[in-house]
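The values are calculated or read from the model by the stated rules, or taken from the named source; none is laboratory data. None of these values were measured; they are calculated from a predicted model. Cβ coordinates were reconstructed from backbone atoms using ideal geometry, including for glycine residues, and neighbour counts include every protein chain displayed. Accessible surface areas use protein heavy atoms only, side chains included; no ligands, DNA or RNA. Shrake-Rupley method; radii C 1.70, N 1.55, O 1.52, S 1.80 Å.
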Amino acid sequence: MRRTLFEPDHEAFRETAREFCDRTLTPNYERFVEQRHIDRDVWLEAGKQGLLGLEVPEEHGGSGANDYRFNAVLGEELSKVSAGMASCLGIHGDVVAPYLVDLCTEEQKQRWLPRFCSGELTTGIGMTEPSGGSDLAALKSNAVRDGSDWILNGSKTFITNGFSADMIVVAARTSPEKKARGITLFAVETGMKGFERGRKLDKVGQPESDTAELFFEDVRVPAENVIGEVDQGFIYMMERLPQERLGGAISNLAHAKQILLETISYTKERKAFGQAIGSFQHNKFTLAELVTKIDVTQAFLDQCTDAHTRRELTAVDAAKAKWWSADVQNDVIDACVQLHGGYGYMTEYRVARAWMDARVTRIWAGSNEIMKELIGRDLGL
C-alpha cells in the first residue's frame with residue numbers, strides 16, 4: 001500500500017541515508033560483527049552526512065530538522081542493513097538527543113552538541129540495572145552531594161554503546177525518600193575516575209552493537225554535568241520513553257519487512273519437487289499473511305509517527321506500537337526462517353542472523369508485558 005507519511009524532502013533524505021548505508025555500513029558489516037562494535041570512522045562519516053543531529057538546532061551543529069519523520073527514514077534505512085546498526089546509531093541520535101537538546105543548559109549544549117553531531121562524542125543511556133530490568137523506579141544507583149559535586153555509585157547493565165561511548169546519560173537516585181520522584185540524570189564522561197566498563201556482553205544477536213556493563217565507584221560528577229533539574233529524572237525519562245519506543249517500533253518493522261522481501265525473492269528462486277517453493281499453496285498463503293501483517297502494522301506506525309511529529313503521540317499508543325511491532329517482527333522473521341528450510345538455520349544467511357537479532361525487541365525499551373500493563377491501566381483495569 002502506498003504510504004502518505006513522507007514528503008519529497010524526506011525521500012531525498014532517504015537517498016542520503018541509503019547511500020551512507022551502502023557505502024559505509026554494508027561493506028564492513030562482517031568486520032563489525034567479528035569485532036563486536038562499529039568503527040569510530042562510521043560515526044564520523046555519519047556526522048559528515050548530517051545523520052547524527054537531526055533533532056539538534058543548527059546553532060549547535062545539527063540540522064535542526066525538527067520533524068520526526070526524518071528520524072523515521074533514517075531508522076528504516078539502518079534497519080535494512082541490520083537491527084544492530086539501527087540500535088547503535090538510534091540510541092545516540094534518537095534516544096539521547098532529546099535529553100541533551102531539551103534539558104541541557106546553554107553551556108552544556110555548546111560543550112557537547114557540536115561533537116555529538118560530528119560523531120566525535122558518542123553516547124549511550126544508562127537506565128537498566130542488574131536487579132531492576134524494566135522497573136526504572138526501583139533503580140539502586142545513587143548519587144550524594146559533596147559540595148557542589150555529586151559522588152555516584154552503582155552499576156548498569158545491557159547498555160547499548162556502553163563499551164565505546166564517550167558519554168553516558170546515567171539515572172541515579174538522589175533523594176531516596178522521594179522514591180521515583182527522587183532520581184536525577186548525570187552525564188558521565190570517559191576518563192572520570194571510578195567509572196569502569198565491564199566486558200562486552202556476549203549476546204544472542206546484534207553482535208555488531210557493543211553492549212556492556214557499567215560500574216561507578218565514587219565517581220565525582222561535577223554540578224555542570226547534571227542534566228536538567230535535580231530529582232526530576234524519572235519524569236524526564238517517562239516523557240521521552242514514547243519516542244524511544246516509537247523509534248524501536250519503526251526499526252522492528254523495517255527490519256522484518258526487509259527480511260520478508262528477501263525471503264519472497266528466495267521462494268521464487270528455490271525449487272523443490274520441480275517448482276518454486278513459493279508456488280505451493282501453503283507457502284503462498286503464508287507469504288500473503290505476512291505481507292498483510294506488515295502493511296497493516298505499517299499503517300498504524302505511520303499514524304503514530306505522524307502524531308509524534310505533531311507532538312501528539314501518547315505513551316499508551318507508543319506502548320501499543322512497541323509491543324505489537326516486536327511481535328510482528330519476530331513472527332514474520334520466524335516464518336521466513338521456516339521458508340528457508342535448513343538454510344534458514346545457518347548463520348551465514350541473513351535470515352538466521354535477523355532471527356537472532358530480533359528476539360530482544362520483545363524485552364528492551366520496556367518488555368512487551370510492561371507495555372500491555374500500561375495499556376491495561378489506561379483502560380481503567
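Figures for the structure shown
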item: Pairs, first more than 17 Å from Thr123 (Cβ to Cβ) in region 184-200, second part of a strand (DSSP E or B), C-beta under 6 Å, six or more apart; result: Gly194/Glu217; Gly194/Asp218; Gly194/Val219; Glu196/Phe215; Gly198/Ala212; Gly198/Glu213; Lys200/Ala212
item: Evaluation of Ala319 against (1) open to solvent by 10 Å² or more (accessible area, probe 1.4 Å); (2) out of contact with any Gly (no Cβ under 7 Å at 6 or more places or on another chain); (3) touching a residue at least 40 places away in the same chain (Cβ under 8 Å) (one fails), failing number; result: (1)
item: The lone exception for Leu100 - which of (1) closer than 26 Å to Tyr29 by Cβ; (2) open to solvent by less than 10 Å² (accessible area, probe 1.4 Å); (3) assigned to a helix (DSSP H, G or I) it fails; result: (1)
item: Count of region 347-381 residues which are open to solvent by 60 Å² or more (accessible area, probe 1.4 Å), part of a loop (DSSP other than H, G, I, E, B) and not polar (S, T, N, Q); result: 7
item: Condition broken by Glu120, with the remaining ones in (1) touching a helix residue (DSSP H, G or I) at 6+ places or on another chain (Cβ under 8 Å); (2) open to solvent by 30 Å² or more (accessible area, probe 1.4 Å); (3) over 25 Å from Gln49 (Cβ atoms) satisfied; result: (3)
item: Residue list for region 49-68, restricted to those being in a helix (DSSP H, G or I) and either open to solvent by less than 50 Å² (accessible area, probe 1.4 Å) or in contact (Cβ under 8 Å) with a residue 24 or more places away in the chain (or both); result: His60, Tyr68
item: Index of the failed condition, Gln243 passing every other in (1) in contact (Cβ under 8 Å) with a residue 60 or more places away in the chain; (2) under 30 Å from Asp331 (Cβ atoms); (3) surrounded by fewer than 19 Cβ atoms within 10 Å (Cβ to Cβ); result: (3)
item: Scope region 136-150; condition among the polar types (S, T, N, Q) and open to solvent by less than 30 Å² (accessible area, probe 1.4 Å); matching residues; result: Ser141
item: Selection count where residues are outside any loop (DSSP other than H, G, I, E, B), small (Gly, Ala, Ser) and either touching a strand residue (DSSP E or B) at 6+ places or on another chain (Cβ under 8 Å) or touching a residue at least 12 places away in the same chain (Cβ under 8 Å) (or both), scope region 136-150; result: 2
item: Members of region 141-166 found to be under 16 Å from Met237 (Cβ atoms) and among the charged types (D, E, K, R), listed by number; result: Lys156
item: Residues of region 151-198 satisfying the condition of being open to solvent by 40 Å² or more (accessible area, probe 1.4 Å) and of a type in the set (A, V, I, L, M, F, W, C); result: Phe158, Phe163
item: Residue count for region 201-211, restricted to those that are in contact with a strand residue (DSSP E or B) (Cβ under 7 Å, 6 or more places away or on another chain) and surrounded by fewer than 22 Cβ atoms within 10 Å (Cβ to Cβ); result: 2
item: Only one of Lys293, Lys257 that is open to solvent by 50 Å² or more (accessible area, probe 1.4 Å) and over 15 Å from Gly75 (Cα atoms); result: Lys293
